[in-house]
1. I'd like the full set of residues that are free of Cβ contacts under 8 Å to residues at least 40 places away in the same chain, touching a Ser or Thr at 6+ places or on another chain (Cβ under 6 Å) and not aliphatic (A, V, I, L, M), limited to the stretch 149-182.
2. Looking only at the stretch 186-217, how many residues end up being within 17 Å of V144 (Cα to Cα) and either surrounded by 16 or more Cβ atoms within 10 Å (Cβ to Cβ) or under 18 Å from the mean Cα position of the chain (by Cα) (or both)?
3. Return yes or no: is A210 aliphatic (A, V, I, L, M) and in contact with an Asp or Glu (Cβ under 8 Å, 6 or more places away or on another chain)?
4. Residue check: is L128 closer than 27 Å to S78 by Cα and either among the basic types (K, R) or assigned to a strand (DSSP E or B) (or both)?
Amino acid sequence: MLGLLRLLTRWQVFVDCVVLTSAVSFFHVDVFTVVGNCIGPDGAPAICRLVGLSTSLTDLDLRSYLSFVCSPNASDNSLGAAGACLISQALSMGTWIRHLAIGDNGLGAKGATAIFSALKSNVGLMSLALGQNDIGPSGVAAFVDSSSVCRGISVLCLDQSKLGVSGAAALARALRNLRMMKELDLTGNRIGNEGCVSLSQSFVLMSMLASLKLGSYILFGANWWHRQWDRCGRCCCVSSISDGAWWSFCC
């Protein structure tokens, strides 16, 4: 019984999604990882069929690997907004997926909105990685409604998503529903002081938060924190207090 299938570009394996998903449908697959294999919008319908037909799939990883990390022949998946919209159709039917990763696929606001909206039918989702997709404020705004359903999300990665101050405010509203959050990555979103203030009101509700990534920092068990930013929106200082001990980090 095939329970795990991973095809990564570091193995220099590029797949025909139609052939692959047709073959996989005969097996009991829990984890399906096809990273950096040029899936594109044309391969998205095949992924949709797999997601829609599988009753055992819990982990779906369609992230892109950067070529310098893997092999000279490595590529990305480039699903784009069109591919994301197709995959969202399968997700909206309700799945058993617990861990979903579609980072660095050029989803944009439209693609992210489609994925976020589809999450309303996936109450068991535990981790979500949509970073490096230029989601923007309008894209993350769609996460507010979904977060009221997917309250079990404990790991969220939205790094390099161009959220800005308004996006941070929208995300803050969503985070108020995610009180089981343990790991949150918002690296490189230029949220500034105003964005930090918006988010801090949600952080105080997350009693289980163990890892918070903002800029180049990781704060462990931070209940109170303070950040200062330079004029370019880059972090220059972080201070946090946990269990009575102060910790400071500087660029």
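1. Within the stretch 149-182, R176, N177, K182 qualify.
2. We begin by selecting, within the stretch 186-217, every residue within 17 Å of V144 (Cα to Cα); these are 186, 195, 198-203, 205-206.
Filter again for either surrounded by 16 or more Cβ atoms within 10 Å (Cβ to Cβ) or under 18 Å from the mean Cα position of the chain (by Cα) (or both), leaving 186, 195, 198-199, 202-203, 206.
Total satisfying the criteria: 7.
3. yes
4. Considered against the rule, which asks whether it is closer than 27 Å to S78 by Cα and either among the basic types (K, R) or assigned to a strand (DSSP E or B) (or both), L128 comes out as yes.
Values quoted throughout were computed directly from the atomic coordinates according to the rules given, and no laboratory measurement underlies them. A quick note: this is a predicted structure, and the numbers were derived from the prediction, not measured. With ideal geometry, Cβ positions are generated from the backbone for all residues, glycine too; neighbour counts draw on all protein chains shown.
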